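K.L.:
Here it is, the structure in full.
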Amino acid sequence: MCTDCGCASPQPKHNHTHDHASRKIRVEENLLAKNQRLATGNRASFAAHQLFVLNLVSSPGSGKTSILERTLTDLKGALRFTVLEGDQQTANDADRIAATGAPVKQINTGAGCHLDAHMIGHGVEEFDLAATDILMIENVGNLVCPASFDLVDPWFTSRHNNQ
């Protein structure tokens, strides 16, 4: 079968001088378009609340939670933090963050290796964003998947739109 037109030619690539019953139509769709729309909504909401948002991305065991604990403890009273914790199965990191007194919400992704804009949008619904200065997002411990998903970070959007 021809890989270009699907005709019964025994040669995968051949001269296409024969009449084709169909024509090739190229279909393209941005697979992350829905996520990008939701991230834009997150961005607008966070801008309206004048929030500074940080998405912590690093490998498992690199110290994301330890740095976050220390930051929350050292800056308690100076800044109002809210934290979203991403993990595939457990709430261990959220329990550690809760011990600092900061509002925290656990998001378990199951088999998913990253947080996405939809999860972030729903994750902050229970928070009082008007009473928050900084939203910290501790993403799932993975370096590959999270890098492709815009959550809210304007750096990500401007950098990736210019490529």
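K.L.:
Out of everything in the range 111-141 that is modelled with pLDDT under 90 and surrounded by fewer than 18 Cβ atoms within 10 Å (Cβ to Cβ), what residue ends up being nearest to residue 58 (Cα to Cα)?
P.N.:
Taking the candidates together, the pick is 113.
K.L.:
Which one is modelled with the lowest pLDDT, of the residues in the range 28-56 that are in contact with an Asp or Glu (Cβ under 9 Å, 6 or more places away or on another chain) and assigned to a loop (DSSP other than H, G, I, E, B)?
P.N.:
Top of the filtered list is 32.
K.L.:
A further question on this structure: Give me the residue from the range 57-81 that is modelled with pLDDT under 95 and of a type in the set (S, T, N, Q) and, out of that set, nearest to residue 138 (Cα to Cα).
P.N.:
58
K.L.:
Just one of (1) open to solvent by less than 70 Å² (accessible area, probe 1.4 Å); (2) more than 15 Å from residue 119 (Cβ to Cβ); (3) modelled with pLDDT of 90 or more trips up residue 85, so point out which.
P.N.:
(2)
The values are calculated or read from the model by the stated rules, or taken from the named source; none is laboratory data. Small disclaimer: the values here were computed from a predicted structure and weren't measured. Cβ sites come from the backbone with ideal geometry, for glycine too, and all protein chains shown count toward neighbours. The accessibility values were calculated without ligands, DNA or RNA, using every heavy atom of the protein model including side chains. Shrake-Rupley method; radii C 1.70, N 1.55, O 1.52, S 1.80 Å.
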